[in-house]
1. Over the Cα atoms, compute the radius of gyration (one decimal) and Dmax (the largest Cα-Cα distance, rounded to a whole number) for the stretch 170-250, in Å.
2. Dipole size in debye (nearest 20) for the stretch 94-248 around its Cα centre, Lys and Arg Cβ +1, Asp and Glu Cβ -1?
3. By a straight-distance test (C-alpha under 15 Å), which aspartates and glutamates pair with LYS258 as possible cross-link partners, with residues fewer than eight away in the same chain excluded?
4. Per residue, how much accessible area does the chain show when a 1.4 Å probe rolls over the protein heavy atoms, in square angstrom?
5. Give me a comma-separated list of calculated 3J(HN,Hα) values for the stretch 115-122, in order, Karplus coefficients 6.51, -1.76, 1.60 applied at θ = phi - 60°, integers in Hz, x for any Gly or Pro.
6. Among (1) 39; (2) 31; (3) 66, find the value of percent of Cα pairs over 31 Å apart that was calculated from the structure presented, and write down its label.
7. Given the -39500 (n - 2.57) contribution per DSSP H run of 4+ residues, what per-residue ellipticity at 222 nm results for the chain, rounded to the nearest 500 deg cm²/dmol?
8. Straight-line reach only, C-alpha to C-alpha below 30 angstrom: list the lysines that LYS169 could link to, leaving out same-chain residues fewer than 8 apart.
Amino acid sequence: MDNRFWRIARRPEGTDFAAALELEAAPLAPLAEGAIRIRNTHLSMDAGTRMWLTDREDGYQPPLPVGGAMTGLVLGEVVESRAIGFSVGDLVRAFGQWADVSTVDAAMSGAVLLDPAVADRRAWFGPLGMNGWTALWGIERTGAAKAGERVLVSAAAGATGILAVQIAKLLGCEAWGIAGGAAKCAYLKDNLGIAGAVDYKAGDLAAQLDAAGAFDVYFDNVGGPLLDAVLTRMNHYGRIAVCGLLADYASGTRTAPKEFDQVLMRRLRVEGFFSPDFMHEGPALTARLRAWHEAGDLVMPYDVTQGLENTLDAYAKLFTGGNIGKVIVELDA
């Protein structure tokens, strides 16, 4: 059978993904030993994959090759297996292809078996997936947030940020978020009940941050000039957990803080973290996140686009601020 997939025809400029990725079809090759074939039901849209589309060799993984299939987290059922521990019909999550069917090496792709009893399988991308793991690890471990401390999260209405502010609140912290637009800020305050939200699109960001007060922990998904603004508003001995650099991904810039001297002046700790570094902790993290999720204390709104052919529209939302919560592409059954 022919399999549709998004092929990287050339490196994208900015957010012009339509000029760089092409939807193609090709026959499925025979399955190799140790591999599984997944009928994708959902594709996860993640901003960090934008770096994989550049030619940078100094990122946290090598760039994806031009001419190859676009890669990302996928969710679906195993339709063919030559890997021990995976059977036809299993629900799995793995790093696969933006395609109708993903063919992956079970070990190298990080394929994991999922509990089909979870009512909304999309949760395996959000609260129970790497967004959840990242949010919990970044707040509790890298940020070392303690009850009673003040925590600020950038891109707080995105998939990871929206979980990070909730987790900070669950851990007894005063949680604040930075987001773009009145609707996003209202969702954070009114729906999630966090202490406050800063609207970076509303103007006078400095005054808004001054009114919010100083913070002990900053969970940074953005980098860029926003990091400068926050560096001068951290409490002494504060911690900055660097999760992402959204400001750099599509622009090709590199965050170079002008206010870096504040790291010394305020005795700050700045640390980057990356989910594959703690994948071995996945089961334990998932157990805690699932308890919160099933109790209704950890929620995720989903921005769902239907159809593989519309994947690029969904992907672009990550870089234009066109979403609240987790962006997912749902494939035709």
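1. 12.5, 35
2. So the magnitude is around 240 debye.
3. The qualifying aspartates and glutamates are ASP228.
4. Here the per-residue accessible area is 42 Å².
5. Values, residue by residue: 7, x, 6, 5, 4, 10, 5, 4 Hz.
6. (2)
7. Per the formula, -6000 deg cm²/dmol.
8. Counting by Cα, and skipping residues close in sequence, LYS169 has these lysines nearby: LYS146, LYS184, LYS189, LYS201, LYS317, LYS326.
The values are calculated or read from the model by the stated rules, or taken from the named source; none is laboratory data. Note that the coordinates shown come from a computational prediction; the quantities given were computed from them, not determined experimentally. Backbone-built Cβ (ideal geometry, glycine too); neighbour counts: all protein chains shown. Remember, those area values only see protein heavy atoms, side chains included, never the ligands or the DNA or RNA. Shrake-Rupley method; radii C 1.70, N 1.55, O 1.52, S 1.80 Å.
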